[in-house]
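Colleague: One structure coming up, written as structure tokens, with questions to follow.
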Amino acid sequence: MRRKCNTHIKEIKDAFENTFNNLKNIIKLEYSFEIKDYIEPIEINDNSSVGDQIKHYRQLKGVQQKDVAKHIDIDRYTMYQIENKNYKQIYYPETIRKIIDYLEIEDKIIWNDPYLKFIVYDEYEKIKEFRLKADIPQKDFANLLDVEASTLRKWETGESKMSRKNFEKFNNLLLEQENSKKFKCDDSYLNFIKNNPKKQFKDYIKNECINIEEFARRMDRHPTTILNMINGKTTITRKQYYKFEELLNNQKLGIISSDPYINFVKSNKQSKFILNFIKKNKMSRAELSRQLGIGRCTVERWIRNEIVISRSNYEKLMDFINSYEQKKESTNDTCSMH
């Protein structure tokens, strides 16, 4: 039979109280609550930039820039740039993909910037697919985009990023392909590249009766550059093609040049002119070459029409002839006075 004892009950009660009084000074429970101010998400629409869309959905979730930056291991300023700047060229597509994945908004982003989508999702295989479908060799397609073939190869393999400017050139071709049942490139520059440009250069030089130096001058290029293009060592750029096309159009229209050198060369009277001067003034070919400061064999080749006189030598020749005629007239005037 159990016996209830008030004394014992009181002792137990006091023991519990003493124990809790001793523990309360040792155990301290602290509770802290972080209360964040509510941020009204920015408004977005179908035309909003990708950066604005990221910012909208981040604010909607109540996540701060620093929290996203910390989670994907970037600095906060990079996060700020992605949300607030429109880039001509994007340098960190992987970062944008991480942000979209972290916020779980891939199905909500509207890619109204085709360049950004192309870069972020590494759609470089489209370049090669397009080129093969259009049956354009890699070198010719590089010329079409006005870049080096090595650059195009790096794009196709994803080794380097395409700039916005170059993407716009490519995207225009893509749109043309999508709007046509069968893509046909009617780009005059590409057609020029495909139709033996080296021969076209040589034919122009021959028809105009000029040398490489004069052709380089008309093309606003160094003679070495022209020689490299003719020999296939360097690519003929779109800008150089447009300049050459201008020269061809002038040739077709028969535009008469105001340049005396061009008119002299095109007259095909180089040999006759030099021979008449030598005969009239009883001057040897060796003397003429000495006065001009050039080799005698060069004068001989002019006379035989083996080479076209260069602009610099033409100017030397005309200066010498004018000076010689003036001295001759001065001498005749002196003799007549006596």
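The values are calculated or read from the model by the stated rules, or taken from the named source; none is laboratory data. These numbers come from a predicted model, not from an experiment. Cβ sites come from the backbone with ideal geometry, for glycine too, and all protein chains shown count toward neighbours.
Colleague: So, K126, is that one assigned to a helix (DSSP H, G or I) and within 17 Å of S163 (Cβ to Cβ) or not?
Modeller: Taking the combined requirement at face value, the residue satisfies it.
Residue by residue, here is whether (1) more than 29 Å from L173 (Cβ to Cβ); (2) surrounded by 13 or more Cβ atoms within 10 Å (Cβ to Cβ) holds:
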position	(1), (2)
Q65	yes, yes
D75	yes, no
T78	yes, yes
K98	yes, yes
E104	yes, no
I110	no, yes
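Colleague: Among the residues of segment 116-128, is there at least one that is touching a Lys or Arg at 6+ places or on another chain (Cβ under 8 Å), on the phi < 0 side of the Ramachandran plot and among the β-branched types (V, I, T)?
Modeller: Among the residues of segment 116-128, at least one is touching a Lys or Arg at 6+ places or on another chain (Cβ under 8 Å), on the phi < 0 side of the Ramachandran plot and among the β-branched types (V, I, T), which makes the answer yes.
Colleague: Something else now. Just a yes or no: is a residue in segment 151-158 farther than 30 Å from V63 by Cα and touching a residue at least 60 places away in the same chain (Cβ under 8 Å)?
Modeller: Checked segment 151-158: no residue is farther than 30 Å from V63 by Cα and touching a residue at least 60 places away in the same chain (Cβ under 8 Å).
Colleague: Can you name every residue in segment 37-61 that is among the hydroxyl-bearing types (S, T, Y) and touching a residue at least 60 places away in the same chain (Cβ under 8 Å)?
Modeller: S48, S49
Colleague: Please tell me if D107 is part of a loop (DSSP other than H, G, I, E, B), at pLDDT below 85 and not β-branched (V, I, T).
Modeller: Considered against the rule, which asks whether it is part of a loop (DSSP other than H, G, I, E, B), at pLDDT below 85 and not β-branched (V, I, T), D107 comes out as no.
Colleague: Can you tell which of N171, N166 is touching a Pro at 6+ places or on another chain (Cβ under 9 Å), in a helix (DSSP H, G or I), polar (S, T, N, Q) and surrounded by 14 or more Cβ atoms within 10 Å (Cβ to Cβ)?
Modeller: Details: N166 fails: touching a Pro at 6+ places or on another chain (Cβ under 9 Å).
Of N171, N166, the one residue that is touching a Pro at 6+ places or on another chain (Cβ under 9 Å), in a helix (DSSP H, G or I), polar (S, T, N, Q) and surrounded by 14 or more Cβ atoms within 10 Å (Cβ to Cβ) is N171.
Colleague: Right, something else. Might you let me know whether segment 207-227 holds any residue that is within 26 Å of the chain's Cα centre (by Cα), free of Cβ contacts under 8 Å to residues at least 60 places away in the same chain, surrounded by 14 or more Cβ atoms within 10 Å (Cβ to Cβ) and farther than 21 Å from V265 by Cα?
Modeller: Scanning segment 207-227, I find at least one residue that is within 26 Å of the chain's Cα centre (by Cα), free of Cβ contacts under 8 Å to residues at least 60 places away in the same chain, surrounded by 14 or more Cβ atoms within 10 Å (Cβ to Cβ) and farther than 21 Å from V265 by Cα, so the answer is yes.
Colleague: Here's something else I'd like to know. Residue by residue through segment 214-240, note down the ones that are among the aromatic types (F, W, Y) and modelled with pLDDT under 85.
Modeller: none
Colleague: Same structure again: Can you tell me how many residues in segment 270-308 are more than 21 Å from S323 (Cα to Cα) and in a loop (DSSP other than H, G, I, E, B)?
Modeller: Number satisfying all stated conditions: 5.
Colleague: Answer with yes or no whether Y57 is surrounded by fewer than 18 Cβ atoms within 10 Å (Cβ to Cβ), in contact with a helix residue (DSSP H, G or I) (Cβ under 7 Å, 6 or more places away or on another chain) and hydroxyl-bearing (S, T, Y).
Modeller: Details: surrounded by fewer than 18 Cβ atoms within 10 Å (Cβ to Cβ): no; in contact with a helix residue (DSSP H, G or I) (Cβ under 7 Å, 6 or more places away or on another chain): yes; hydroxyl-bearing (S, T, Y): yes.
Spelling it out, it is not the case that Y57 is surrounded by fewer than 18 Cβ atoms within 10 Å (Cβ to Cβ), in contact with a helix residue (DSSP H, G or I) (Cβ under 7 Å, 6 or more places away or on another chain) and hydroxyl-bearing (S, T, Y).
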